[in-house]
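We did not get these values from a lab; they are worked out from the coordinates using the rules stated. Every value quoted in this text rests on a predicted model; they were computed, and no experiment measured them. For neighbour counting, all protein chains shown are included, and Cβ atoms are generated from backbone atoms with ideal geometry for every residue, glycine included.
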Amino acid sequence: MTTKNSSESKRRSAPKRRNTSRSADTPLSRGKRGTPPGRKARAYSLAKRRDEQEIAAALAVQAESVTPSTPSRKPKSAKRNLKRRTSASTQTAAHASQPPAAGQVSAEHILSTSLSPNSASPSARFPDFSRHGSQAPISLPPELNWDKGEPNLSPQYAQPPVVYTDTTIKRKRDVLRVIPLGGLGEVGKNMTVLEYNDDIVILDTGVLFPDETQPGIDSIFPNIDYLVANRDRVRGIFLTHGHEDHIGALGWVLPMLECPVYGTPLTVRLAQNKLDTARLKRYRSHLIEVKDGDIIQAGKSFAVEFIHVTHSIADACALAVHTPEGIVVLSGDFKVDYTPVHGEPIDLIRFATLGAKGVQLLLCESTNIERPGFSMSERRVGDAFAEHFAQAKGRIFVATFSSNVHRVQQVITAAERFGRRVALVGRSMLNVFNAAWSLGYIDVQEDTLIDLKDIGNYPPEQLVIITTGSQGEPLAALTRMAYSEHRSIEISRGDTVIISATPIPGNEKPILRVIDELYKRGATVIYSALAEVHVSGHAFREELKLLHALIRPKYFIPVHGEYRMLYQHALMAHNLGQPWEHIFLLNNGDVFEIVGGEPAIDGYVKADPVLIDGRSSTTLDNEVLDERRYMSEEGVVAVTLALQYGATELSAPPRIQTRGFAYKDDTQNLEEATLDFLSNFIHKTVNNRKELFLALEGRDFKNQLQNHLNSLTGRRPLLLITVIEL
């Protein structure tokens with residue numbers, strides 16, 4: 001009874017619905033999207049309409065160029081009872097335009113029915129946000145904490161976990177499949193596969209770098225066994241931008257697939273460098289340059305569109321894949337920067353246009369979902385550089401990512417403003433600079449750059465040195481300078497070191513050790529914890545909300561992040577109005593399908609990461625990694641024994657070798673105690689009429705020796721016992 005009265009009281013006090021309307025001729029106009037029932041749904045609808053009006057007004061879209069989409073349809077239930085299948089129970093109002101003929105989509109159809117991203121002048125495409133600084137001048141839909149549901153989880157996350165034995169997918173026709181092979185539950189190794197009938201396209205092919213739990217591993221690549229088995233259907237690889245976590249595995253993938261590779265100019269130049277480094281110049285002919293706004297036909301089923309975004313590297317793009325099942329948008333890495341250092345701001349107009357047409361699926365990066373608000377504009381870093389350059393009296397060292405062309409440009413601009421010469425240190429820094437400069441993405445005066453070997457010809461107050469090593473990498477130039485191991489440069493008192501980067505998760509300790517060493521050598525160190533000398537290239541929470549508000553996808557899969565990031569992104573999308581049953585948390589290898597507009601997770605392909613160890617490559621072997629970690633913690637003891645078969649004593653004194661187990665002063669005492677143990681073991685074995693040779697090779701001897709060493713040292717080393725029969 002109490003609950004009932006409380007409920008009635010709430011209904012009586014609820015505010016009346018305002019007569020809020022939305023202009024029918026804006027590019028965001030379309031049929032009403034299905035929303036969950038109840039008062040919160042009505043409140044969300046009002047807020048959503050109001051905010052869409054503000055977004056449309058801020059973007060100043062040419063409304064007459066956009067055709068409103070079809071009216072909404074009533075939700076229909078989706079009942080699919082397939083083996084190992086997680087299906088959606090409800091389908092919201094369809095807001096996507098009708099696809100072309102079944103199984104086909106053409107670039108001509110897309111261009112004839114959509115707003116061309118390059119049709120308007122820059123002033124028409126991008127409003128003037130300069131008076132707002134780095135903050136967006138629009139309000140976004142509030143996050144409404146609805147029911148405590150959960151997204152559709154990967155069967156691999158189920159308890160107990162579902163184990164799939166199939167490594168290939170059953171060939172069913174007219175099914176759109178989205179298969180992430182990397183980038184889910186991890187930051188790096190980004191790779192997503194789209195498949196429809198006889199066509200496969202690949203979005204990015206990145207690398208993941210190992211952490212401290214993977215000793216001896218150089219790099220980690222996506223598993224492409226499924227793609228190799230279906231290489232005749234692969235129509236191309238489409239790259240969003242030139243960062244390692246998106247192109248780093250190209251030298252591994254391309255020789256096995258031998259398909260076209262599409263990317264923007266700087267991305268292609270960096271991909272060429274990777275192929276050259278891997279001695280794969282013969283595959284350069286597979287690289288094809290495109291520009292933002294281009295639409296590439298890929299087989300009969302796909303047309304892939306490049307959409308300009310802003311990021312910490314030039315020529316970054318999102319991808320819109322037009323399929324017979326609707327539009328799939330992959331955000332790539334992006335941020336909403338209205339005042340970029342080079343080029344135009346992010347093409348929000350195109351995202352809004354696609355949202356008006358209807359987007360079936362959004363795959364959006366989740367890297368900075370845990371950071372509230374908006375990210376700062378890259379230009380803010382330039383102002384910080386000018387301030388610190390004005391105060392510095394000696395040499396200035398700036399450590400940053402070699403791929404951050406905009407950051408390098410701002411260092412050069414500040415150096416020229418204060419009359420300093422610039423030297424570049426690090427092979428990757430030189431490679432990226434040359435590629436960017438050849439494309440006109442870096443503006444530098446003729447006499448600004450000098451060779452590293454000539455820095456001794458200039459006084460310290462006239463020098464700026466741009467270097468790699470912002471993450472404390474052991475072999476990077478800044479790290480070697482900090483430890484006085486660089487062959488050309490020595491850090492000294494009076495130098496100023498600016499670390500223009502934030503530590504990647506897991507790199508905090510190495511970079512802090514480098515900072516400590518720099519301080520010990522008398523340098524002044526400026527880093528992100530002390531000053532605004534770095535801004536992120538990834539969208540913060542409010543920027544992600546903006547993209548969701550513009551695109552308004554029917555289904556959503558968070559990508560590019562560790563699991564907590566993916567979950568937080570899913571929660572944010574739900575709080576913006578996306579039903580739980582339309583949000584999917586996948587794992588690498590899951591097969592996400594859309595059939596007739598209805599989604600499901602159906603099956604799994606092999607996605608175990610490929611570990612590159614020197615010149616060898618193999619799939620993940622936990623036993624090998626466990627042994628490496630064990631040896632690094634406990635050490636190794638090798639015992640060599642020689643005897644004749646049937647003998648009752650050793651033919652030669654045993655040989656004992658240790659590595660990483662005993663200190664030098666303790667080695668002799670340890671060997672003597674071990675010899676005593678061996679003598680006692682042999683004596684007991686012979687007295688019990690057991691075969692000595694077999695006893696020494698048995699597990700019982702190994703266990704007893706292990707316990708003996710543990711009693712002496714408190715450690716249990718890895719034992720290598722060799723019995724030689726003479």
Working out 0.36 nm times the residue gap between E387 and Q445, then minus their Cα-Cα distance, what length gain in nm do you get to one decimal? 18.8 nm
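Defining a contact as two alpha carbons under 8 Å apart and six or more residues distant in sequence, what relative contact order in percent does the range 379-527 show? The partial results should precede the final answer.
Working: 257 pairs, mean separation 43.0, N = 149.
The normalised contact order for the range 379-527 reaches 29 percent.
On average, how much area does the Cα convex hull of the range 379-527 cover when viewed from any direction, in nm²?
Details: hull surface 32.6 nm².
Taking the Cα atoms of the range 379-527, their convex hull projects to 8.2 nm² on average.
What pairs from K189/K291; K393/K520; K172/K545; K172/K335 go past 30 Å between their alpha carbons?
Numbers: K189/K291 24 Å; K393/K520 19 Å; K172/K545 36 Å; K172/K335 38 Å.
Table pairs above 30 Å Cα-Cα are K172/K545; K172/K335.
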Calculated from backbone phi, Karplus (6.51, -1.76, 1.60) coupling profile of the range 604-611 in Hz, x at Gly/Pro: 7, 10, 4, 9, 4, x, 9, 9
Give the long-range amide H neighbours of R371: residues separated by 5 or more places, or on another chain, with amide H under 5 Å away, using H modelled in the peptide plane at 1.01 Å from N. R541
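Provide D454, D198 in ascending order of the number of other Cβ atoms located within 10 Å of each residue's Cβ, fewest first. Walk me through the numbers on the way to the answer.
Working: D454 10, D198 15.
Listing D454, D198 from fewest to most nearby Cβ atoms yields D454, D198.
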Compare the Cα positions of T713, F661, A647 along the charge dipole of the range 621-725 (+1 at Cβ of Lys, Arg; -1 at Cβ of Asp, Glu; about the Cα centre) and return the one farthest towards the positive end. A647
How big is the gap, in Å, between the Cα center of the range 522-581 and the Cα center of the range 306-367? 14 Å
Which aspartates and glutamates, if any, have their Cα less than 15 Å from the Cα of K274, not counting same-chain residues under 8 positions apart? D204, E244, D245
Tell me which residues come under 5 Å, amide H to amide H, from A399 once H is placed; ignore anything under 5 positions away on its chain. T467, I498, I499, S500
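Test of understanding: ordering D590, D292 by Cβ neighbours within 10 Å, fewest first, what list do you get? Please list the in-between numbers first.
Numbers: D590 26, D292 20.
Ranking D590, D292 by Cβ neighbours within 10 Å, fewest first, gives D292, D590.
R0 = 56 Å: FRET efficiency of R231 with K453, Cβ-based, nearest 0.05?
On the way: r = 47 Å, r/R0 = 0.84.
So, using R0 = 56 Å, E works out to roughly 0.75.
Checking the a/c ratio against 1.5 first, then a/b against b/c, what shape does the Cα gyration tensor give for the range 686-726? Before the final figure, lay out the partial values.
Numbers: a/c = 3.20, a/b = 1.72, b/c = 1.86.
Here the range 686-726 falls in the oblate category.
So how do I504, I489, I465 line up by other beta-carbon neighbours within 10 Å, fewest first?
Numbers: I504 15, I489 20, I465 26.
Lowest to highest Cβ neighbour count: I504, I489, I465.
Between D700 and D608, 0.36 nm times their residue separation minus their Cα-Cα distance comes to what? If you can, show how the numbers build up before the last one.
On the way: separation 92, 0.36 × 92 = 33.12 nm, distance 3.59 nm.
Answer, rounded to one decimal: 29.5 nm.
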